[in-house]
Amino acid sequence: MAVTSRPPQRRGLALLVAGIALALLAGAVTLTNVGGLRQRFFGRSDVHVHDVRGDIYLYKGMQAESAAEYRKAAQLNGDPAGRRLALTAADAVSGNRTKASAILSDLANLPEQYVDWPVHLARQYASLGEKNLAMAWLEKAYTEHSYALLEIRCAREFDVLQSDPRFQDLLRRMNFPAMSSRRQTADQNRAP
């Protein structure tokens, strides 16, 4: 199977999802009306809304709600590999590391599904604390110039890699600025 780029409508959706996430962080939108906002723009609710809500609940430390949203995303996902990736996230958040690792191991052996596949696998490996595998997939993504690498500074799953010299080297090669002392202090004070 050849690696394909996401269709233009999915790129537009990614921008919308990023905007919704920023609105949530700014307090302009609440978690309960994200679905309505999504429906206003596209007329239906879909996998991406639940995926983002799962991320937001995870970042807020609400693991049960996060797992539920990831499971909803998995149910709506028409792509078998994407469905399994969402279930991996749900299992990891729920504390079922063995099941998450098994699914992720199977997914890692599949041919690449789309251009940002390595970053998605790296994110899940990082969420399980598998630093070496996460870094291997991030390096692959870097070699392939994956646009999804842009999220590695803000996705909390990658926080476990912040102290890894290989991760810092990757950030340097991507020309990301050094993390501000204010952000470092906030990250250190954040509950796990």
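Derivation of every value follows stated rules applied to the coordinates shown; laboratory data play no part. Predicted, not measured: the structure shown is a model, and the values here were computed from it. Cβ coordinates were reconstructed from backbone atoms using ideal geometry, including for glycine residues, and neighbour counts include every protein chain displayed.
Per residue of the stretch 118-127, in order, report the coupling 6.51 cos²θ - 1.76 cosθ + 1.60 (Karplus, θ = phi - 60°) as ³J(HN,Hα) in whole Hz, putting x for Gly and Pro.
The phi angles translate into x, 5, 5, 5, 4, 4, 6, 4, 5, 5 Hz.
Excluding residues on the same chain fewer than 8 positions from residue 140, give the aspartates and glutamates whose Cα lies under 12 Å from its Cα.
The reachable aspartates and glutamates, counting only those whose Cα sits under 12 Å from residue 140, are 112, 116.
Between residue 60 and residue 97, how many nm apart are label points set 7 Å from Cα along the C-beta direction?
Going from the residue 60 label point to the residue 97 one covers 2.7 nm.
Can you give me the Kirkwood hydrodynamic radius for the stretch 98-137, using every pair of distinct Cα atoms, in Å to one decimal?
10.0 Å
Treating cross-link reach as a plain straight distance, find the lysines whose alpha-carbon is under 25 Å from the alpha-carbon of residue 72, omitting any fewer than eight places away in the same chain.
Within reach: 60, 99.
Considering Cα pairs under 8 angstrom that are at least six residues apart, work out the relative contact order of the stretch 121-164 and quote it in whole percent.
So the answer I get is 44 percent.
Write out the chymotrypsin sites (Phe, Trp or Tyr not before Pro) in the stretch 80-171 meeting two conditions: DSSP loop, and at most 13 other Cβ atoms within 10 Å of their Cβ.
Counting only loop positions with at most 13 other Cβ atoms within 10 Å, none of the chymotrypsin sites (Phe, Trp or Tyr not before Pro) in the stretch 80-171 qualifies.
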